[in-house]
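Okay, structure first, notes after.
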Amino acid sequence: MIERFFVRPRIIRRFHDGPLGEYVDGLAERLWDRGYVRSTARGKLLVVEELGWWLHRQGLGVDALDEDTTERFLREGRRLGFGHLAYGRVALRDLLTVLREIGTIPPAPATEIEDAPIERIERDFKRYLIQERRLTESTLKNIIPSVRRLLTERFGTGPVALGELTRSDVTRFVLRHVQLLSPARAQVMVYALRTLFRFLRLRGDIAVDLSVSVPKVAVWQLSALPKSLGADEVERLLESCDQATVVGQRDYTILLLLARLGLRAGEVVAMTLDDIDWESGRLRVRGKGNRDDWFPIPEDVGKALAHYLRHGRPRCTTRRVFIRIRAPRREFSSSVAICDVVRRALSRAHIDSPRKGAHLLRHSLACEMLRKGASMDEIGEVLRHQRADTTAIYAKVDVAALRGLARLWPGGEA
């Protein structure tokens, strides 16, 4: 396997004859699978070669390797002038992983780290939200930051005396932060705090139910038009992707899924190779609330997916459809990456939109369906809304139809 990175027989033989020679191929395979370029992989492998000779001079065997030994090697290697330590710590972490996977060295010892008080509260609150409230991990990412911010601002790094929280603490916190948030984000913050205080009251950490002290945030339902792009702007967005490149193929496919199927960013991130049923031409969408839906794959989406999987998607071990281009090759960590794809495409297409996230294309699909005569029920079905009033906002898009429903002002003209 090391032949993928070194071609001279003398160098390859040197690696295999070294004290760690029987393990370098396993490490090289790991580096290859994770998509590291040749120069980076070579640097990492040379660190391991230097480690092997250092172990030999110290009279140590491979069974002596652990985090402490590798740290000692790095310290002494800098003093001795070893030449490849720029890749040192990461390379040696990969080596230890390989050795542990094949059972050459024992697993890393479990370290019990005492959680900080705020971290402990967060952990218990997360468990409550998942087990009792059935919330998903993506929802928790929106809720937990407000809780952490409140506790950090109130208690800092000192003891967390939850019983000392007062109504005025809560009110001041909300009024201070609500000015910096959009109405929707402010509502999420308010929901997070009310849920936290009910949880703390339930387990006896506070004597008074502070949830009633959280001020309400006024958000008028259906008060604004959904931000969307016209059909011609959506096509410009798609055409901005250079499909001659791997990144362009990937981004074009992502944008098509958002524009043609109205997927959410998180649904694109979660998509796996097993979700594509090529025989029946269907795609499984893992939506909110652990809900799975199957949708027919439009022809252009199917062609883009097939082309990306055959020619654009780098080889890797993950089953996720969309992965990072740069090493280490792995799936996107969050939906932010999908929003970044949309943001970059808007910039390339010179489209100035007040909204720049992935939801923009979801709104655009719904508005275009409405213009072409689709009913609210049909739009809600495509967007997988669980409540009809969620879809109702799109009724305001068809201004011409609404104008026909409006009554004449007394004494006015039609």
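Residue by residue, here is whether (1) within 29 Å of LYS227 (Cβ to Cβ); (2) crowded, with 17+ Cβ neighbours inside 10 Å; (3) not aliphatic (A, V, I, L, M) holds:
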| site | (1), (2), (3) |
| --- | --- |
| GLU279 | no, no, yes |
| VAL285 | yes, yes, no |
| PRO298 | yes, no, yes |
| ALA306 | no, no, no |
| LEU309 | no, no, no |
| ARG324 | yes, yes, yes |
| SER333 | yes, no, yes |
| ALA337 | yes, yes, no |
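Number of residues in segment 339-358 that are touching a helix residue (DSSP H, G or I) at 6+ places or on another chain (Cβ under 9 Å), modelled with pLDDT of 85 or more and either buried (at least 16 other Cβ atoms within 10 Å of the Cβ) or over 18 Å from VAL247 (Cα atoms) (or both): the value is 10.
Restricting the search to segment 154-172, which residues are surrounded by 16 or more Cβ atoms within 10 Å (Cβ to Cβ) and touching a residue at least 24 places away in the same chain (Cβ under 8 Å)? Scanning segment 154-172 gives PHE155, VAL160, LEU162, LEU165, VAL170.
Suppose we keep only residues that are among the β-branched types (Val, Ile, Thr) and crowded, with 17+ Cβ neighbours inside 10 Å within segment 207-248. Which one would you say is modelled with the highest pLDDT?
Keep residues of segment 207-248 that are among the β-branched types (Val, Ile, Thr), which gives 208, 212, 214, 217, 219, 234, 245-247.
Still in the list and also crowded, with 17+ Cβ neighbours inside 10 Å: 214, 217, 234.
On the way: VAL214: 88, VAL217: 72, VAL234: 92.
So, considering only residues that are among the β-branched types (Val, Ile, Thr) and crowded, with 17+ Cβ neighbours inside 10 Å, the one modelled with the highest pLDDT is VAL234.
Residue count for segment 237-256 satisfying the condition of being under 14 Å from LEU309 (Cα atoms) and not in a loop (DSSP other than H, G, I, E, B): 9.
The single condition among (1) more than 26 Å from ARG282 (Cα to Cα); (2) polar (S, T, N, Q); (3) at pLDDT below 85 that SER333 does not meet is (1). Among the residues of segment 175-202, the ones that are under 20 Å from ILE121 (Cα atoms) and touching a residue at least 12 places away in the same chain (Cβ under 8 Å) come to 13 in all.
Mind listing whichever residues of segment 117-169 are more than 17 Å from LEU202 (Cβ to Cβ), among the hydroxyl-bearing types (Ser, Thr, Tyr) and part of a helix (DSSP H, G or I)? Spell out how you get there, then give the answer.
Step one: list which residues in segment 117-169 are more than 17 Å from LEU202 (Cβ to Cβ), which gives 117-119, 136-142, 144-146, 148-161, 164, 166-169.
Applying the additional criterion that residues be among the hydroxyl-bearing types (Ser, Thr, Tyr) yields 136, 138-139, 146, 152, 157, 166, 168.
Answer for segment 117-169, where residues must be more than 17 Å from LEU202 (Cβ to Cβ), among the hydroxyl-bearing types (Ser, Thr, Tyr) and part of a helix (DSSP H, G or I): SER138, THR139, SER146, THR152, SER168.
Considering the conditions (1) surrounded by fewer than 19 Cβ atoms within 10 Å (Cβ to Cβ); (2) farther than 30 Å from ARG319 by Cβ, LEU65 is excluded by exactly one of them, (1).
The values are calculated or read from the model by the stated rules, or taken from the named source; none is laboratory data. Fair warning: this is a prediction, and the values are worked out from it, not measured in the lab. FYI the Cβ positions are ideal-geometry reconstructions off the backbone, even for glycines, and counts take in every protein chain you see.
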